[in-house]
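The values are calculated or read from the model by the stated rules, or taken from the named source; none is laboratory data. This is a predicted model, so every value here is computed, not measured. So basically every Cβ, Gly included, is an ideal-geometry build from the backbone, and we count neighbours across all protein chains shown. Side chains included, ligands, DNA and RNA excluded: accessible areas come from the protein's heavy atoms. Shrake-Rupley method; radii C 1.70, N 1.55, O 1.52, S 1.80 Å.
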Amino acid sequence: MKVDFVKLSPTENMTILVKSPVEREKQLHVGAEIMKYSSVYAEQAGFLEKPENPEAEIRLQMAGGEFCGNATMAAAAYTAFQHGLKAGEKTDIKLEVSGAEGVLTCAVEALEDGFRGTVNMPLPIKIVN
(Lines give C-alpha, C1' and ligand atoms only; values in the text may rest on other atoms or scores of the structure.)
Protein backbone atom coordinates (compact mmCIF):
# COMPACT_ATOMS: atom_id res chain seq x y z
CA MET A 1 0.00 0.00 0.00
CA LYS A 2 1.35 3.41 -0.96
CA VAL A 3 0.40 6.35 1.28
CA ASP A 4 1.00 10.08 1.08
CA PHE A 5 2.11 11.56 4.41
CA VAL A 6 3.94 14.39 6.16
CA LYS A 7 6.31 14.01 9.10
CA LEU A 8 6.29 16.74 11.73
CA SER A 9 8.02 17.28 15.04
CA PRO A 10 5.70 18.96 17.53
CA THR A 11 7.74 19.49 20.72
CA GLU A 12 10.28 17.00 19.30
CA ASN A 13 7.64 14.25 19.32
CA MET A 14 7.94 12.83 15.78
CA THR A 15 4.48 12.56 14.28
CA ILE A 16 3.35 11.18 10.94
CA LEU A 17 0.13 12.53 9.45
CA VAL A 18 -1.17 10.27 6.71
CA LYS A 19 -2.99 12.29 4.03
CA SER A 20 -4.12 9.32 1.92
CA PRO A 21 -7.48 7.75 2.73
CA VAL A 22 -6.97 4.58 4.78
CA GLU A 23 -9.89 2.47 6.01
CA ARG A 24 -10.20 2.66 9.79
CA GLU A 25 -9.78 -1.08 10.23
CA LYS A 26 -6.37 -0.83 8.48
CA GLN A 27 -5.10 2.29 10.25
CA LEU A 28 -3.53 0.53 13.23
CA HIS A 29 -1.52 -1.77 10.94
CA VAL A 30 -0.53 1.02 8.52
CA GLY A 31 0.42 3.29 11.41
CA ALA A 32 2.55 0.59 13.04
CA GLU A 33 4.35 -0.14 9.77
CA ILE A 34 5.10 3.48 8.93
CA MET A 35 6.31 4.25 12.49
CA LYS A 36 8.94 1.49 12.45
CA TYR A 37 12.56 2.53 12.79
CA SER A 38 13.25 0.69 9.52
CA SER A 39 10.55 2.76 7.79
CA VAL A 40 9.90 6.48 8.32
CA TYR A 41 10.21 6.26 12.13
CA ALA A 42 7.99 8.28 14.41
CA GLU A 43 6.44 8.06 17.84
CA GLN A 44 2.86 8.23 16.59
CA ALA A 45 0.77 8.21 13.45
CA GLY A 46 -2.49 9.94 12.73
CA PHE A 47 -4.76 9.95 9.71
CA LEU A 48 -6.24 13.12 8.25
CA GLU A 49 -9.87 12.57 7.32
CA LYS A 50 -12.89 14.55 6.24
CA PRO A 51 -14.75 15.64 9.39
CA GLU A 52 -18.33 14.65 10.11
CA ASN A 53 -19.08 17.93 11.90
CA PRO A 54 -19.40 20.81 9.40
CA GLU A 55 -17.82 23.19 11.96
CA ALA A 56 -14.51 21.32 11.76
CA GLU A 57 -11.99 21.81 8.96
CA ILE A 58 -10.28 18.44 9.37
CA ARG A 59 -10.48 15.25 11.39
CA LEU A 60 -7.45 13.67 13.02
CA GLN A 61 -7.89 9.97 13.63
CA MET A 62 -5.01 8.50 15.59
CA ALA A 63 -3.93 4.97 14.62
CA GLY A 64 -4.99 3.64 18.03
CA GLY A 65 -8.11 5.81 18.31
CA GLU A 66 -6.62 7.79 21.19
CA PHE A 67 -6.32 11.55 21.71
CA CYS A 68 -2.88 13.10 21.26
CA GLY A 69 -2.29 16.79 21.96
CA ASN A 70 0.97 16.98 20.00
CA ALA A 71 -0.58 15.33 16.94
CA THR A 72 -3.58 17.67 17.23
CA MET A 73 -1.28 20.70 17.15
CA ALA A 74 0.65 19.15 14.25
CA ALA A 75 -2.56 18.62 12.27
CA ALA A 76 -3.67 22.20 12.97
CA ALA A 77 -0.26 23.60 11.96
CA TYR A 78 -0.27 21.53 8.78
CA THR A 79 -3.80 22.76 7.95
CA ALA A 80 -2.70 26.38 8.56
CA PHE A 81 0.33 25.80 6.33
CA GLN A 82 -1.98 24.44 3.61
CA HIS A 83 -4.02 27.65 3.92
CA GLY A 84 -0.86 29.71 3.34
CA LEU A 85 -0.49 31.20 6.83
CA LYS A 86 2.60 33.46 6.79
CA ALA A 87 5.07 34.38 9.53
CA GLY A 88 3.46 36.71 12.08
CA GLU A 89 -0.10 35.64 11.19
CA LYS A 90 -2.42 33.76 13.53
CA THR A 91 -5.53 31.67 12.99
CA ASP A 92 -7.82 29.23 14.76
CA ILE A 93 -8.21 25.77 13.26
CA LYS A 94 -11.24 23.70 14.26
CA LEU A 95 -10.70 19.94 14.34
CA GLU A 96 -12.43 16.72 15.18
CA VAL A 97 -9.97 14.46 16.98
CA SER A 98 -10.20 10.81 17.97
CA GLY A 99 -10.48 10.36 21.71
CA ALA A 100 -12.17 13.75 22.15
CA GLU A 101 -15.79 14.73 21.94
CA GLY A 102 -16.99 17.65 19.84
CA VAL A 103 -14.86 20.11 17.93
CA LEU A 104 -11.56 21.36 19.33
CA THR A 105 -10.04 24.72 18.47
CA CYS A 106 -6.29 24.99 18.04
CA ALA A 107 -4.74 28.46 17.94
CA VAL A 108 -1.89 28.51 15.41
CA GLU A 109 0.73 31.18 14.86
CA ALA A 110 3.16 31.03 11.94
CA LEU A 111 6.74 31.81 12.95
CA GLU A 112 9.80 32.43 10.76
CA ASP A 113 10.95 28.84 11.30
CA GLY A 114 7.77 26.89 12.01
CA PHE A 115 4.51 27.16 13.88
CA ARG A 116 3.33 27.58 17.46
CA GLY A 117 0.08 26.00 18.52
CA THR A 118 -2.05 25.73 21.61
CA VAL A 119 -5.06 23.54 22.22
CA ASN A 120 -7.24 23.07 25.28
CA MET A 121 -6.78 19.47 26.35
CA PRO A 122 -10.11 17.68 26.61
CA LEU A 123 -11.01 15.70 29.69
CA PRO A 124 -10.54 11.96 29.27
CA ILE A 125 -13.57 10.08 27.96
CA LYS A 126 -12.48 7.03 29.95
CA ILE A 127 -9.47 5.72 31.80
CA VAL A 128 -8.52 2.08 31.37
CA ASN A 129 -6.44 0.41 34.04
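Please tell me if residue 55 is open to solvent by less than 50 Å² (accessible area, probe 1.4 Å), in contact with a strand residue (DSSP E or B) (Cβ under 6 Å, 6 or more places away or on another chain) and of a type in the set (Asp, Glu).
No, not satisfied.
So, residue 82, is that one of a type outside the set (Phe, Trp, Tyr) and touching a strand residue (DSSP E or B) at 6+ places or on another chain (Cβ under 6 Å) or not?
In short, no.
Residue-wise test of (1) open to solvent by 40 Å² or more (accessible area, probe 1.4 Å); (2) over 11 Å from the mean Cα position of the chain (by Cα); (3) among the small types (Gly, Ala, Ser); (4) over 18 Å from residue 5 (Cα atoms).
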residue: 36; (1), (2), (3), (4): yes, yes, no, no
residue: 72; (1), (2), (3), (4): no, no, no, no
residue: 86; (1), (2), (3), (4): yes, yes, no, yes
residue: 97; (1), (2), (3), (4): no, no, no, no
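Can you give me the number of residues within segment 5-34 that are under 15 Å from residue 68 (Cα atoms) and loosely packed, with under 13 Cβ neighbours inside 10 Å?
2
What are the residues in segment 99-129 that are modelled with pLDDT under 95, open to solvent by less than 60 Å² (accessible area, probe 1.4 Å) and either more than 13 Å from residue 68 (Cα to Cα) or in contact with a Cys (Cβ under 6 Å, 6 or more places away or on another chain) (or both), if any?
Those that are modelled with pLDDT under 95, open to solvent by less than 60 Å² (accessible area, probe 1.4 Å) and either more than 13 Å from residue 68 (Cα to Cα) or in contact with a Cys (Cβ under 6 Å, 6 or more places away or on another chain) (or both): 102, 114, 117, 119.
Within segment 38-70, can you find the residues that are small (Gly, Ala, Ser), more than 19 Å from residue 121 (Cβ to Cβ) and either assigned to a strand (DSSP E or B) or more than 15 Å from the chain's Cα centre (by Cα) (or both)?
38, 39, 45
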